[in-house]
Amino acid sequence: MGRSEVFFSNPQLSNSHIVTRYLIHVYIASSLLFVTPLGFLFKLYSGPGQWWFNGYGAGVLYEIFWILVVFFFIPTRKSTNRIPFWVFTVTSTLEILQLYHPWLLEKIRSYFLGRALIGTTFTWWDFPHYAIGCMIGWLLIKRMSVSICKSGLS
């Protein structure tokens with residue numbers, strides 16, 4: 001009896017696995033549908049506290065967005081601690097690259113989406129907000145991973 005036969009010989013196990021994976025993807029997609037427009041709203045906000053919403057609040061949501069995107073493709077219990085670390089590392093590297101103006105980055109920044117995704121100016125105050133966003137994102141995916149753990153997926 002092959003491995004797939006053993007796995008699928010128990011309909012409850014295979015259905016539980018599929019349903020759990022589906023529900024996690026639905027939850028991640030729902031979270032992205034909330035965080036993404038809110039991030040753009042923060043970026044375009046022009047009322048009181050505009051400086052914080054446009055720069056730092058959007059930065060918090062930026063980190064959460066990328067954590068959710070990566071977790072959508074790697075929804076495992078093991079990845080819940082690794083994803084926020086790597087998202088913080090990559091986005092911090094992008095922040096530091098804003099000190100330089102190579103041709104490729106300038107080309108990307110010439111579009112609104114490029115400016116929104118990789119930024120245009122360097123500021124040290126982005127780092128604490130990235131860390132806050134990573135902590136919130138970590139809490140979100142950690143909560144989602146509880147259902148993975150209960151179902152036996154890892």
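The values are calculated or read from the model by the stated rules, or taken from the named source; none is laboratory data. Because the structure is a prediction, the values reported are computed rather than measured. Cβ coordinates were reconstructed from backbone atoms using ideal geometry, including for glycine residues, and neighbour counts include every protein chain displayed.
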Task: Hits in region 109-138 - residues which are farther than 19 Å from residue 56 by Cβ and touching a Leu at 6+ places or on another chain (Cβ under 8 Å) - done: none
Open item on the list: Among the numbered criteria (1) buried (at least 16 other Cβ atoms within 10 Å of the Cβ); (2) in contact (Cβ under 8 Å) with a residue 60 or more places away in the chain, which one does residue 83 miss?
Closed with: (2)
- [ ] Might you check whether a residue that is touching a His at 6+ places or on another chain (Cβ under 9 Å), assigned to a helix (DSSP H, G or I) and at pLDDT 90 or above occurs anywhere in region 78-99?
- [x] no
TODO: Mind listing whichever residues of region 33-46 are outside any helix (DSSP H, G or I) and either surrounded by 13 or more Cβ atoms within 10 Å (Cβ to Cβ) or on the phi > 0 side of the Ramachandran plot (or both)?
DONE: 45
Open item on the list: Given the criterion among the small types (Gly, Ala, Ser) and modelled with pLDDT of 90 or more, identify the matching residue among 147, 151, 110.
Closed with: 110
Open item on the list: If I filter region 86-122 down to residues being among the β-branched types (Val, Ile, Thr) and farther than 20 Å from residue 54 by Cβ, which single residue comes out as surrounded by the fewest Cβ atoms within 10 Å (Cβ to Cβ)?
Closed with: 93
Task: Matching residues, region 107-135, being closer than 16 Å to residue 86 by Cβ and of a type in the set (A, V, I, L, M, F, W, C) - done: 127, 131, 134, 135
Open item on the list: Filter region 55-77 down to the residues that are in a helix (DSSP H, G or I) and either more than 18 Å from residue 129 (Cβ to Cβ) or basic (Lys, Arg) (or both) and list them by number.
Closed with: 69, 70, 71, 72, 73
TODO: Tell me which of these residue 49 doesn't satisfy, since it passes every other one: (1) at positive phi; (2) surrounded by 12 or more Cβ atoms within 10 Å (Cβ to Cβ); (3) free of Cβ contacts under 8 Å to residues at least 12 places away in the same chain.
DONE: (2)
